[in-house]
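Following: one structure in structure tokens, then a few remarks.
Every number in this text was worked out from the coordinates using simple rules, so none of it is lab data. Bear in mind that the values here come from a model prediction, so they are computed numbers and not experimental data. Cβ: placed from backbone, ideal geometry, glycine included. Neighbour counts: every protein chain shown.
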């Protein structure tokens, strides 16, 4: 008899005990294995010990902010992270996405919506690690991408790209010289059922430009085509 499938694990991080316990209970009812943390340092400790499949991370935390926790995780791993905040401010969403969060959800929210977003980022993570194309090597504009090895170089210098940045660049390289619409990029990289903020794409384009453009403020490789999307110029 084969062993039972391991439950997907989630780390819930929030400094409000009632909210933390309530969300943890809701996650258990959805079939997740749950770990709970009340501050940033405890969150990092539990993350290192248990390596959960997804992290629900409040922005405002004692001892270490959620932004700093996410930054620490992203320095070494691509565990999906969804930021939570009671402050529905655009700056929170932008900062969270800039430092590598996969999604941002403002409180209050419906548990069903949160679970849907969790399952979406988990599917994307699984697809990125198992389905990176067997299309071989892509080359343009001094960039060389080996999809099988998950390697990218620019003028023979290696570039370190997180999974979604890699996927965005791959789609642009596949369509060198052709406009790829915003909706196509979102559908192909984040999935047709993506329910997050569309600013996610803009943030990832900005991060790619910072790595490959000589002057990110005046991009010459990844061009914005206003009203349509983006184009990689050879």
## Note on the structure
Subtracting the Cα-Cα distance of residue 86 and residue 18 from 0.36 nm times their residue separation yields 23.0 nm
### Summary
Quick calc: nm separation of the 7 Å Cα→Cβ label points for residue 176 and residue 60 -> 4.9
#### Entry: Label point distance in nm, residue 184-residue 199, each placed 7 Å from Cα along Cα→Cβ
2.7
### Task
List the relative contact order of the chain as a percent without decimals, with contacts defined as Cα pairs under 8 Å and 6+ residues apart.
13
### Message
Given a 10 angstrom Cα cut-off, can you work out which residue in 16, 188, 157 is the most mobile in a GNM of the chain?
### Response
157
### Query
Relative to the longest principal Cα axis of the chain, at what angle does helix 199-212 sit, 0 to 90 degrees, rounded to 10?
50
### Task
Note the angle between two axes, namely the Cα long axis of helix 111-130 and the longest principal axis of the Cα atoms of the chain, as a number of degrees from 0 to 90, rounded to the nearest 10.
50
### Query
Taking the Cα atoms only, what angle lies between the long axis of helix 40-50 and the longest principal axis of the chain, rounded to 10 degrees?
80
#### Entry: Cα-based Rg / Dmax (Å) for the chain
18.6, 60
### Query
How far is the Cα center of the range 208-234 from the Cα center of the range 139-193, in Å?
12
## Note on the structure
Given a Förster distance of 25 Å, the FRET efficiency implied by the Cβ-Cβ spacing of residue 156 and residue 206, rounded to the nearest 0.05, works out to 0.50
### Message
Students often check this: by mean Cβ neighbours within 10 Å, which of 164-172, 144-152 ranks highest, and how do the rest follow?
### Response
164-172, 144-152
